[in-house]
Each structure stands twice: as structure tokens, then as C-alpha cells.
Amino acid sequence: MALHAPSLADIERLAQAAVEQLPELFRDHLGSVILKVEDFPDEEVMEAMGLETPFDILGLYWGHPVGDAGAGQTGAMPPTIFLYRRPLLDEWAEGGDSLEHLVAHVLIHEVGHHFGLSDDDMHALEDMVD
């Protein structure tokens, strides 16, 4: 029996399942947020974040937080949450958490950035999902 690493689609399914576990108040305001799962961050992200390797980031929120004056600018790209499959798989292989838990943790952190939440707020939200 051949074993295969979880695919981009597998990670996306885990992320969508995590979104479904969020409180309704949060889910209602995520309709315009795009979720993208990619193997690695692109060169632009690498440079903007000052990353040494593409394994240095698990996820990224790109956009203006809800309520930010720039959020509704004409021509602005829609807010996007990126999850990076290969760094996530490496973190999963090294850690003790399930892949589902890790993906949910990273997703919730990025959702927190969309809502302009503090790290403490994000930890409380994660506790609701766990």
C-alpha cells in the first residue's frame, strides 16, 4: 500500500472544516475572504516577510482587517488567507499535534488578522474550536 503526503486539496478540506467550526459571527464575515493553499510562499512574500527559507512561514493573511478604512477601496485585491502545504507538513512531522489541529491553528491565526484581533483574542478563539 502506497502512502502519499496530504495534497493541496486535502489541506484545503481541513481548512474548510476548521472554518465550519468557527462561531457563526466570524463565519458570516468571511464570505469575501479567499482561501488559497499553496506549496510554498512566492518570492514576493519571501522578500516582503524577510524569510530565509520558504519553510519559515505556515500561513499568511493578505489584505486589510475588517473595519480598516482601506478595506473597501476600489481595485483592492480581496482579502486572502494563504496556507503553505509543505511547511505545514514539515511542522506536522516534527510536532505532536494532528494535521487537522495544526491547520486549524494556523487558519484561526490568519482569520484573527482579518478581524484585527490581538494574539490573546486569537488564543481564546482557538480554545473555542478545540
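So here's what we get for this one:
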item: Cα centre as origin, Lys/Arg/Asp/Glu Cβ charges: the range 17-56 dipole, Debye; result: 300 debye
item: For the chain: accessible area per residue (Å², 1.4 Å); result: 61 Å²
item: Computed magnitude of the charge dipole of the chain (debye, nearest 20; Cβ of K, R +1, Cβ of D, E -1); result: 460 debye
item: Relative intensity, log₁₀ I(q)/I(0), of the range 1-70 from a Debye sum that treats every alpha carbon as a point, q = 0.21, 0.29 Å⁻¹; result: -1.10, -1.28
item: Length released on extending from Met128 to Ser98, taking residue separation times 0.36 nm less the Cα-Cα span; result: 9.1 nm
item: Extension reserve of the Ile34-Asp10 stretch, reckoned as 0.36 nm per residue once the Cα distance is removed; result: 7.0 nm
item: Dimensionless Rg ratio for the chain, taking C-alpha atoms and the 2.2 N^0.38 Å reference; result: 1.06
item: Helix-only [θ]222 nm of the chain, DSSP H runs n ≥ 4, -39500 (n - 2.57) each, per residue, nearest 500; result: -14500 deg cm²/dmol
item: Positive-end residue of Pro54, His113, Leu25, charge dipole of the chain with Cβ unit charges; result: Leu25
item: By accessible area with a 1.4 Å probe, ligands and nucleic acids excluded, highest first: order of Met128, Met46, Met122; result: Met128, Met46, Met122
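The values are calculated or read from the model by the stated rules, or taken from the named source; none is laboratory data. It should be emphasised that the depicted structure is a prediction, and the values quoted were computed from it without experimental measurement. Glycine gets a Cβ as well: all are built from the backbone with ideal geometry, and neighbour counts include every protein chain shown. These area figures cover heavy atoms from the full protein model, side chains too; ligands, DNA and RNA do not enter into them. Shrake-Rupley method; radii C 1.70, N 1.55, O 1.52, S 1.80 Å.
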